[in-house]
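Colleague: If you scroll down you'll find the structure; I have some questions about it.
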Amino acid sequence: MLPIITFIILLFSIIYFFISLKKIGIKISNLFSRFRLGLTLPQNLSHKNNFLKFWSIIQYIIINLTLVLFIFMLLSSFIPTAITGDKLSGIFLVIHITIAPLFSLALALMILLFSHQMQFNKSDFDKFAKETNINGNDSLVKIAFWSLSVLSVPLLFSIILILYPLFGTELQNFYITIHRISALLFSIVVLTIIYFAVISKHK
Amino acid sequence: MKIIFILITVINLLSIFLFGQDSNSLDTPSLDSISVDSTDLYVTQFQYKIGDISDGNQSVPVHLIKLFDHEGYSIHKDDKPQIPFSTKTTCGDCHTYDLIKDGTHFSIDKADSTSQIGEPYIYTDHKSLTILPLSYRGWKGTFNPDSVGFSPFNFLKAFGSHFTGGNISENDDLEKPENFFRWQVSGKLEINCMVCHDADPEYDQAEFAKQIADENFRWATSGASSFANVKGKASRMPDNFDLYNSNTFVDVDLRTSPQPTITYDKTKFDSDNKVFFNIKKHIGKERCLFCHTNTINSNEDRLFKVLEDVHLTAGMSCVDCHKNNIGHDIIKGYPSEHIDKKNNQLHSFSCEGCHIKSEENNFAGRFGAPNPQHQGIPSLHFDKLSCTVCHSSFLPNEQPAFIKTSRSHKLGVPGPNKMESTFPLIQSPVYVKGNNGKIEPRNLLWTSYWAKISTDMILPLNLEFVNENIKPLLNLDSTYNFGSWPTIPDSTLIAILDTVANFFPDDKVVFVNGGFLYELDDNNNILKSEHESAEPYSWPVAHAVRPAQQSLGINGCEDCHSPNSNFYFADIPVISSIENDSRTVGMTYFKGLNSFYQTIFSYSFYFRPFLKFILILSAIIISLVVLSYLIGAIKIIAKNLSYNHYINNYESKE
């Protein structure tokens, strides 16, 4: 019964999302471009300085790669568990563990590359984006960035500890729960930031 | 109320003094079947006899008792002729026989109400290419002996060597008319209590088997005991044989075929005509192992290949887990037994129930059972696999081994075939997905039999018909009952199916073999098809339990998750009767798994060290970044909270 209910909720959420977009005049074909604009992802790929141009390309690739890999991780982990109610196993597990090292490396690089510009400063404490209008250095993006960074720590360490024969069944189940909760919160943060990026009013 | 209690007590006491307990009568209730509940001051009459319920004393009562024959008459050492003692009347004097006879071992004629299937009795005749798993219990994949013309009498003759006696051997309602006179000659085979409970090392179960083979059913239990000697064969006696009337066997040459006789060892009788039975409640493993042995079908390396269960090595015995009450309903110990039998306490007799404490089981830790940590094993394994996969039976090899079992190969009786690869060829371990959805190790038997399709059902042909009509056509009399299973060419199969079809004009005659159904089409060509009835029969094995150091997975994930792992990729040879049919089936087939996927998954484990390295590296990078900015953030907070910071701000504003 639970898988059926979950599937219905997911379906209705997706339908509601697209209906909401239509109401505020956003076309589905513009989703990705609006998302990039909303986050003001580095897209000055034709800078005159070759090093800056190269570095922009690197950042661009890292961001997009992390996002794409995240989507694969999200789908491979939540589809079987939400739809079937079973633990992650079978082909979904194979996809999940194959993409996991790539995702973790991309995530680590993204955090390393963007941590400095995502530092909080005085202006972030003075104003808080009440509107759904976000820009690249806006407080909301910074909060999301550091939330993801902090959540990455239990997300990765919990699974690393399970990979070694250090702990018995009870503790293994505990770490799996940590991993699940971290992944869930991580996904919520990412989906939230995607949502606000898409619906923000761009200049 | 008090007056009534006193009156009843007085009446009972009087009845004891006046009537006593007649040694030739079984109907007088014994004193201990009356219980007085002193708190409520009324008397309750139970149906139990003195030996049915323990008074709590953990020692075993000394069984110095009289012997009674099947009619309830006391046996004296000087009686002529001597009559074999009856367990129903001798043991039944103190233990309610009717309560016991529905026990697991004795009521094999009853359909099993539990979900657990077990080892059948296997009818094997290589000369007619027949391997049939027989069971009265209705397990899917087995056949009721009656359906193939195997009467209880013939069943007893064929399989009684490893049978305890019970309903099929003493229930008149199950007798076939054609065996009526033979039953009169042989007598009934009552429940042989001694097969388990006699701790006398001179008790000889092999002698019991010999008596069964000679059709000396009534004499079998006595013959196996240490205080009686049975000679002669009821099988050689005529249908009108009467032990008390020598005229009934006057035509029999008693020099070569003596009538069955029993001679008691008079020194075993005391002055009161009682005999000592060395009875044990806590039965030794040897008694169980006579019928429940699984051994590798190879004479090589027996020192290393024969497994002893780790529980037995630790000093436990079979009955420590496989307990029963007076009803003799043996606890089997499979995971869902407590659900099937609606008794939560039974959960503690399963592997998980004994070793792992849980909310539903407070009885874990019996006999000091260690609590396994299963370090490094993801819990998903316990959802997909039974405990026995890693801990029981033989370790998986490139091909399953051929094994022998007591019941199938007549182990322990005089003259079994000790050659390797003795028929039937039972393969083990084969990993199969069980009824509870978990993979478990099983013994596997490829069935082979001649059958007919009648109203869409596959019905094996009568065994007598097969012996009389098909066996001569096969002409396999010169083959041995060991080695490679005999095969026939397609032409012989066609000829036999064509010939036998004449006997069954309304039905289609088929040959079930090697997982396929063979029949003839309209052009007399062989048509081979898959059918559920042709699937091999398998039954779960839980013993012998290997110690932790020998469990699957002790060497890491690669024990199972590697491209050359025998757990996933072993090949199971199909035992086929058709020439040039040398098929094998992958181990994943019976697990319900996809072989290709398992191969891919196994290869992914080569990248596991790489995965760990990348994950650790990423985790360290992220942790260091977060930590460094966290330290910076703390530094700023500390700075903003300091007194000097406020002083500087105040001064700068001024």
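Values quoted throughout were computed directly from the atomic coordinates according to the rules given, and no laboratory measurement underlies them. Owing to the predicted nature of the structure, the values given are computational and were not obtained by experimental measurement. So basically every Cβ, Gly included, is an ideal-geometry build from the backbone, and we count neighbours across all protein chains shown.
Colleague: In deg cm²/dmol, rounded to 500, what helix-only [θ] at 222 nm does chain B give when every DSSP H run of at least 4 residues adds -39500 (n - 2.57) and the total is split over its residues?
Modeller: Helices in chain B give a 222 nm mean residue ellipticity of -7500 deg cm²/dmol.
Colleague: Another question, if that's okay. Taking other Cβ within 10 Å of each residue's Cβ, how do A:Leu67, B:Leu463 sort, fewest first?
Modeller: Sorted ascending by nearby Cβ count, the order is A:Leu67, B:Leu463.
Colleague: Next question. Return an integer: the convex hull volume of the alpha-carbon atoms of region B:197-271, in Å³ per residue.
Modeller: That works out to 111 Å³ per residue.
Colleague: If the viscosity is 0.692 mPa s and the temperature 37 °C, what Stokes-Einstein diffusion coefficient in µm²/s follows for region B:540-654 when Rh is the Kirkwood radius over Cα pairs?
Modeller: Result for D is 159 µm²/s.
Colleague: Let me ask something else. If you take every DSSP beta bridge whose two residues both sit in the protein assembly as shown, what share of them, in percent to the nearest 5, is antiparallel?
Modeller: Antiparallel bridges: around 95 percent, rounded to the nearest 5.
Colleague: Give me the aspartates and glutamates in straight-line cross-link reach of B:Lys612: C-alpha distance below 17 Å, same-chain residues under 8 apart excluded.
Modeller: Within the straight-line limit of under 17 Å, B:Lys612 reaches these aspartates and glutamates: B:Glu558.
Colleague: Here's another thing I want to ask about it. Using the Cα gyration tensor of region B:465-516, with a ≥ b ≥ c the square roots of its eigenvalues, what is the shape: rounded (a/c below 1.5), prolate (a/b larger than b/c) or oblate (neither)?
Modeller: Prolate is the answer for region B:465-516, as a/c is 1.5 or above and a/b outweighs b/c.
Colleague: Send over the Kirkwood Rh of region B:457-574, from the inverse of the averaged 1/r over different Cα pairs, rounded to one decimal Å.
Modeller: Result for region B:457-574 stands at 18.2 Å.
Colleague: Now, a different point. Taking the DSSP beta bridges in chain B as the whole, what percent of them are antiparallel, to the nearest 5?
Modeller: Around 95 percent antiparallel, to the nearest 5.
Colleague: Ok, one more. Which order results if B:Cys94, B:Cys321 are arranged by neighbouring Cβ count within 10 Å, fewest first?
Modeller: Exposure proxy ranking, most exposed first: B:Cys94, B:Cys321.
Colleague: Any idea how many Lys pairs in region B:354-498 come in under 19 angstrom at the alpha carbon, given 8 or more places apart or on separate chains?
Modeller: So the count of such lysine pairs works out to 5.
Colleague: If I stretch the segment between B:Lys274 and B:Ile647 completely, what's the gain in nm (0.36 nm per residue apart, minus their alpha carbon distance), one decimal?
Modeller: 123.2 nm
Colleague: Dividing the Cα convex hull volume of region B:339-488 by residue count, how many Å³ per residue is that?
Modeller: Convex hull of Cα atoms, per residue: 227 Å³.
Colleague: Which of the three applies to chain B, rounded, prolate or oblate, going by the alpha-carbon gyration tensor with a ≥ b ≥ c and a/c under 1.5 meaning rounded?
Modeller: Oblate is the answer for chain B, as a/c is 1.5 or above yet b/c matches or exceeds a/b.
Colleague: Moving on. Between region B:343-414 and region B:551-566, how many Å separate their Cα centres?
Modeller: 18
Colleague: Rounded to the nearest Å, what's the spacing between the alpha carbon centres of region B:176-204 and region B:88-167? Just the number, please.
Modeller: 14
Colleague: For B:Lys280, give me every one of the lysines with a C-alpha distance below 24 angstrom, ignoring sequence neighbours fewer than eight places off in its own chain.
Modeller: Straight-line reach from B:Lys280, under 24 Å: B:Lys49, B:Lys66, B:Lys88, B:Lys101, B:Lys266, B:Lys268, B:Lys323, B:Lys332.
Colleague: Only helices at least 18 Å long along their axis, Cα-based, and averaging 1.6 or more on Kyte-Doolittle count here, so list those DSSP H runs from chain B.
Modeller: Span-like helices, by this rule, are B:2-19, B:608-641.
Colleague: Something else: Hey, with R₀ at 30 Å, roughly what FRET efficiency would B:Lys80 and B:Ala206 work out to, going by the Cβ-Cβ distance, to 0.05?
Modeller: 0.55
Colleague: Radius of gyration and Dmax for region B:58-101's Cα atoms, expressed in Å?
Modeller: 12.0, 40
Colleague: How many angstrom lie between the Cα centre of region B:592-610 and the Cα centre of region B:233-266?
Modeller: 69
Colleague: If you place +1 on the Cβ of every Lys and Arg and -1 on the Cβ of every Asp and Glu, how big does the dipole about the Cα centre of the protein assembly as shown come out, in debye to the nearest 20?
Modeller: Result for the protein assembly as shown is approximately 5280 debye, rounded to the nearest 20.
Colleague: Please order B:Glu337, B:Glu440, B:Glu119, B:Glu464 by the number of other Cβ within 10 Å, starting at the fewest.
Modeller: B:Glu464, B:Glu337, B:Glu119, B:Glu440
Colleague: Give me the base-10 log of I(q)/I(0) for region B:140-187 at each q in 0.21 Å⁻¹, Debye formula, one uniform scatterer per Cα, rounded to two decimals.
Modeller: One equal scatterer on each Cα of region B:140-187 leads to -0.74.
Colleague: What are the extents of the Cα atoms of the protein assembly as shown along their three principal axes, in Å, largest first?
Modeller: Reported extents, whole Å, longest axis first: 135, 89, 54.
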